[in-house]
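S.K.: Next up is a structure, given as C-alpha cells.
The values are calculated or read from the model by the stated rules, or taken from the named source; none is laboratory data. Just so you know, these numbers come straight off a predicted model, no measurement behind them. Cβ: placed from backbone, ideal geometry, glycine included. Neighbour counts: every protein chain shown.
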Amino acid sequence: MIDLAPILAKFPTVKHDAAANALIVPQALALEVAKWLRDDPAYRMDYASNVAGVDTLPVEKKTKVKQPDGTEREVVTKKPGSMEVVYHLYSMALKHGPITIKQVTTRENPAVTSLTPIYRGAEFQEREAFDLFGIQFEGHPDLRRILMWDEFKDFPMRKDYVEPDDYEYEPTPHDAVLAKAKAHYPKASTSTEAAS
Amino acid sequence: MTLLPTNTSFAADEGLRSELQKAGVFVVSLEWVYNWGRKSSIWPLGFGIACCAIEMICTAASRFDLSRFGAEVFRPSPRQADLMIVAGTVTKKMAPQVIRLYNQMPEPKYVIAMGACAISGGPFKQGYNVLKGVDRFIPVDVHIPGCPPRPEALLHALMTLQRKIENQRTLGSDARRTNPAYRGENRECPIPEFGEHDLVPPYNPEVWKPHTIVREA
C-alpha cells in the first residue's frame, strides 16, 4: 500500500477517508494535487486508470429513544446525500498504485474539477460520468454526452432515476417486473365490466 | 433439400413424376424453381452489433462454412442484401440506424434476430438503454435464442428461413395475399426518434405502448 502521509502533510486540506483508503480532495485543490502526484518523483502517478461517479441518496433514519419518564420519542436523523467522483491513479513508471482520490459534491448541483488537463485519458470517462450522473466537470475540454443521445434529459445511473415505461408482457413476472406489470393491469372497475 | 415442390398448388400425378425422375426428367412448378434459386443464394447484410457477431463471423468461416447453404456473400450495402442478421444487442441509440438499414434493403427481405438481446433484450431487458426485442420495430422471420447462439443454431435458423422461402407464394393470385413482399404496400418501418426520456415513434405512438394485461387474479 502506498504511503499517503506525504500528500496529507503537503496538502493539509486534503482529508483521508480511512474506510476506503481514499483521499478526499477539495475541488479548488484537485488540479494542484493531481499535478503534484503526477510530477512528484516519489509518486509519479502518471496513469488515471478509472474515473467513477458515485451517487448516495439522502438517508432518513427513525429511531425510538426512551425518555426518562418511560415514554418513547421518535428521533429522526438525517444524512444528506452526496455525489462523488472517484479517480484511481497508478504509476506506470514506478509500477505502483493505486491511489484513490475523491471529489465530493452535492446532489442538487453536482460540479467538480476536471482532471482531463492533467490526465488526458480521463476525458471519455469524465464524459461518461457526466452522461450518466449529470456531474459537471469544470475545465473539461469537450463535455458532451458520450453513451446516450444528445437529446436525452435524464441521468440513468442516479439512484432516483425513473426508467421509461416500455414494459413488455411477461408470462411470469416477479419482483420489480411484477410491480411494473401491475401498473398495466386493468383497473378494478373495467375488469368487472369485462367479466359481466 | 427436397426436390419436390412442397406447396399444394402444383398438381401432377405422383406416379408419373417419379417415373420421369427415373429417366432424369424433373417436373416441378416454376414457382418452386423461383424459390429454389432464391433460397439457395441468400445474401446477408454484413453487420454485427455485439458479441453474437463473432459467432456469425465464425459461422461464415471455414469450420462451419455458411457457403454450404449459399449464404456466404456478406454484402457491405443494404441495397444488395436479402437477409438482415441482427447479431447482437440493439441499443436505443443504435436502433434508428438498424431500422434505416432494414428500410434500405430491397424486397423481398428477411430478418433473423440472433441471440437473447435481439429477440427480447436479454440480460439488458430491465435496463434503460436496450430495445426489448428488435421485433417491436422490424418484422422478424426467425428468432434464435442463445447467448450467444452457437454457429449451428445460426445454420439452423438459416435452414428454417430457407424452408420458409421454399414454401412462400411468389406466383399466382394468392401470392399477393400470402406473401408480404408481394403485397405492394409500403413496408417501410417507422424510424424512431431520440426523445428526452426514451425513443419516440414519429407517428402512430399507440403501436409501441405497453398493452393492458388481462390476468386472472
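S.K.: Restricting attention to region A:170-181, which residues are without any contact (Cβ under 8 Å) to a residue 12 or more places away in the chain and either assigned by TED's automatic domain parsing to the domain that holds A:Glu84 or surrounded by 12 or more Cβ atoms within 10 Å (Cβ to Cβ) (or both)?
M.R.: A:Glu170, A:Pro173, A:Val177
S.K.: Moving to a separate point now. Could you grab the pairs with beta carbons closer than 7 Å, sequence gap of 6+ or different chains, first residue in region B:172-183 and touching a residue at least 40 places away in the same chain (Cβ under 8 Å), second one exposed (fewer than 15 other Cβ atoms within 10 Å of the Cβ) and not charged (D, E, K, R)?
M.R.: Every condition considered, the pairs that remain are B:Gly172/B:Ser9.
S.K.: Got at least one residue in region B:166-187 being within 18 Å of B:Pro139 (Cα to Cα), part of a loop (DSSP other than H, G, I, E, B), within 14 Å of chain A (Cβ to nearest Cβ) and not basic (Lys, Arg)?
M.R.: no
S.K.: Name the single residue that is surrounded by the most Cβ atoms within 10 Å (Cβ to Cβ) among those in region A:149-169 being under 28 Å from A:Val104 (Cβ atoms) and at the interface with chain B (Cβ under 7 Å from one of its Cβ atoms).
M.R.: Selected residue: A:Phe152.
Yes/no per residue for (1) surrounded by fewer than 17 Cβ atoms within 10 Å (Cβ to Cβ); (2) over 29 Å from A:His16 (Cβ atoms); (3) touching a Lys or Arg at 6+ places or on another chain (Cβ under 9 Å):
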| site | (1), (2), (3) |
| --- | --- |
| A:Lys79 | yes, no, yes |
| A:Ile99 | no, no, no |
| A:Arg120 | yes, no, no |
| A:Glu123 | no, no, no |
| A:Pro141 | yes, yes, no |
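S.K.: Continuing with the same structure: Would a scan of region B:123-130 turn up a residue that is surrounded by fewer than 17 Cβ atoms within 10 Å (Cβ to Cβ), closer than 26 Å to B:Gln97 by Cα and of a type in the set (Gly, Ala, Ser)?
M.R.: Within region B:123-130, one or more residues are surrounded by fewer than 17 Cβ atoms within 10 Å (Cβ to Cβ), closer than 26 Å to B:Gln97 by Cα and of a type in the set (Gly, Ala, Ser).
S.K.: Out of the residues in region A:88-120 that are aliphatic (A, V, I, L, M) and either touching a Leu at 6+ places or on another chain (Cβ under 9 Å) or part of a strand (DSSP E or B) (or both), state the one that is farthest from A:Gly53 (Cα to Cα).
M.R.: If we filter region A:88-120 for residues that are aliphatic (A, V, I, L, M), which is where we start, we get A:89, A:92-94, A:99, A:101, A:104, A:111-112, A:115, A:118.
Now restrict to residues that are either touching a Leu at 6+ places or on another chain (Cβ under 9 Å) or part of a strand (DSSP E or B) (or both): A:89, A:99, A:101, A:104, A:111-112, A:115, A:118.
Values: A:Leu89: 15, A:Ile99: 16, A:Ile101: 12, A:Val104: 10, A:Ala111: 12, A:Val112: 11, A:Leu115: 14, A:Ile118: 19 Å.
It comes out as A:Ile118.
S.K.: Working carefully through the options A:Met83, A:Met45, find the one that is in contact with a Ser or Thr (Cβ under 6 Å, 6 or more places away or on another chain), surrounded by 10 or more Cβ atoms within 10 Å (Cβ to Cβ), assigned to a loop (DSSP other than H, G, I, E, B) and at pLDDT 90 or above.
M.R.: A:Met45
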